[in-house]
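Only one structure is covered here, and it is reproduced in the block below.
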Amino acid sequence: MIEFKLPSLGADMTEGKLLEWKVKPGDRVKRGDVVAVVDTTKAAVEVEIWEDGAVHELVVRPGETVPVGTVMALLLAPGETAGAEVRRKISPAARRRAAELGVELAAVKASGPEGAVTLEDVERAKPPPPAEKPAERQAEMRKAIAAAMSRSKREIPHYYLSETVPLERAAAWLARENEKLPITGRLLMAALFLKATALACKSHPDLNGHYRDGAFAPAAAVHVGVAISLRQGGLVAPAIHNVETLNLADVMKKLTDLVKRARAGSLRSSEMSDPTITVTSLGEGGVETVFGVIYPPQVALVGFGAVRQNRVVASLSADHRVSDGHRGAAFLAEIAKRLQEPETL
């Protein structure tokens with residue numbers, strides 16, 4: 001029997017509310033399938049399964065809020081059988097009430113004698129109450145962000161560096177490339193920032209990975225978390241995966257899609273749980289330099305300010321337990337070098 005547990009979808013997540021199951025008992029699922037939608041303080045996230053199997057039991061009911069790590073469902077592994085199932089006993093009152101509420105009895109967790117479904121079981125399984133008001137959600141999000149960032153500043157010995165990067169060549173190259181592309185496919189400087197950062201990470205693996213249980217583990221790939229401001233306030237930093245392997249057109253497509261889905265509240269759990277470094281930019285707000293706070297368990301965050309007179313200030317916030325100023329300076333220098341060679345990105 002496989003236990004499907006609520007995954008952590010970010011450093012600031014301690015619990016989640018199940019909004020919807022995308023599967024029912026008996027359904028077969030495969031690795032990567034979306035099986036549930038979970039509400040976090042920041043967004044409703046589509047949660048993927050990472051095992052093949054068949055759904056045996058849905059343990060958590062829609063509307064329930066449970067801690068990270070809670071068993072949400074039980075699956076039968078390929079080839080596994082549950083044995084003879086006894087037909088569930090359901091009281092007439094429970095059956096009537098389930099019909100009134102639109103509750104699927106197969107998904108109700110029974111508590112009565114000999115596994116009988118009672119009226120109380122159905123009441124507990126009724127659909128969740130109306131969603132929180134925007135003001136309430138925003139307050140909860142600010143609390144979650146405050147908790148995560150306070151933990152980061154408390155536990156991570158940050159150091160900060162910045163470098164002004166010339167962008168004359170990058171801007172000219174970008175203008176020439178965009179002349180060849182349709183309006184919908186044109187590149188933004190942000191795509192170059194992401195790709196240059198990812199390539200620099202391959203040469204400086206001590207800036208790309210996770211610090212857990214007193215030790216640093218470098219990541220094999222570069223999953224760049226992109227800080228995205230949400231319309232209702234707050235921000236999320238979901239990942240674009242394997243950025244070092246993507247061409248700039250694909251980076252741009254994935255960035256556009258990620259921003260759109262983040263603001264629509266339709267992110268995937270894999271995008272929220274595994275960024276290896278984060279990039280933030282406040283350039284559109286006219287900010288010249290940004291020094292961000294590291295998202296644990298990551299060990300670095302790169303910031304880009306506004307592009308002014310074909311120059312940008314690139315900054316680094318890094319974890320002194322893993323790297324030092326010399327390494328951080330070399331990392332920023334490589335980002336600057338790659339941005340001045342845009343044709344190689």
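The values are calculated or read from the model by the stated rules, or taken from the named source; none is laboratory data. From a predicted model like this one, the values you see are computed outputs, not experimental measurements. With ideal geometry, Cβ positions are generated from the backbone for all residues, glycine too; neighbour counts draw on all protein chains shown.
Miscellaneous remarks
- Of all residues in segment 179-196, at least one satisfies being of a type in the set (K, R) and either without any contact (Cβ under 8 Å) to a residue 40 or more places away in the chain or not in a helix (DSSP H, G or I) (or both).
Residue-wise test of (1) modelled with pLDDT of 90 or more; (2) of a type in the set (D, E, K, R).
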residue: L230; (1), (2): no, no
residue: L246; (1), (2): yes, no
residue: K253; (1), (2): yes, yes
residue: T256; (1), (2): yes, no
residue: R268; (1), (2): yes, yes
residue: V293; (1), (2): yes, no
residue: A306; (1), (2): yes, no
residue: Q309; (1), (2): yes, no
residue: I335; (1), (2): yes, no
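- Any chance L207 is over 19 Å from the mean Cα position of the chain (by Cα) and not charged (D, E, K, R): yes
- Taking residues in segment 51-72 that are assigned by TED's automatic domain parsing to the domain that holds A107, and partners anywhere that are in a strand (DSSP E or B) and of a type in the set (G, A, S), the pairs with Cβ atoms closer than 6 Å and at least 6 places apart or on different chains are L58/A73; V59/A73.
- Within segment 271-314, considering residues that are part of a strand (DSSP E or B) and out of contact with any Leu (no Cβ under 7 Å at 6 or more places or on another chain), the one surrounded by the fewest Cβ atoms within 10 Å (Cβ to Cβ): R308
- Pick from segment 82-98, criterion at pLDDT 75 or above and part of a helix (DSSP H, G or I), ranking: nearest to the chain's Cα centre (by Cα): A98
Residue-by-condition table, conditions (1) surrounded by fewer than 19 Cβ atoms within 10 Å (Cβ to Cβ); (2) on the phi < 0 side of the Ramachandran plot:
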position	(1), (2)
P25	yes, yes
T40	no, yes
V45	no, yes
L74	yes, yes
G102	yes, no
A107	no, yes
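- Selection status of T70, among the hydroxyl-bearing types (S, T, Y), at pLDDT 85 or above and buried (at least 16 other Cβ atoms within 10 Å of the Cβ): yes
- Residues of segment 113-166 that turn out to be of a type in the set (A, V, I, L, M, F, W, C), at pLDDT 75 or above and within 22 Å of K42 (Cα to Cα), as a count: 4
- Cβ separations smaller than 6 Å between residues 6+ apart or across chains give the following pairs from segment 1-30 residues that are assigned to a strand (DSSP E or B) to residues that are hydroxyl-bearing (S, T, Y): E15/T65; G16/T40; K17/T65.
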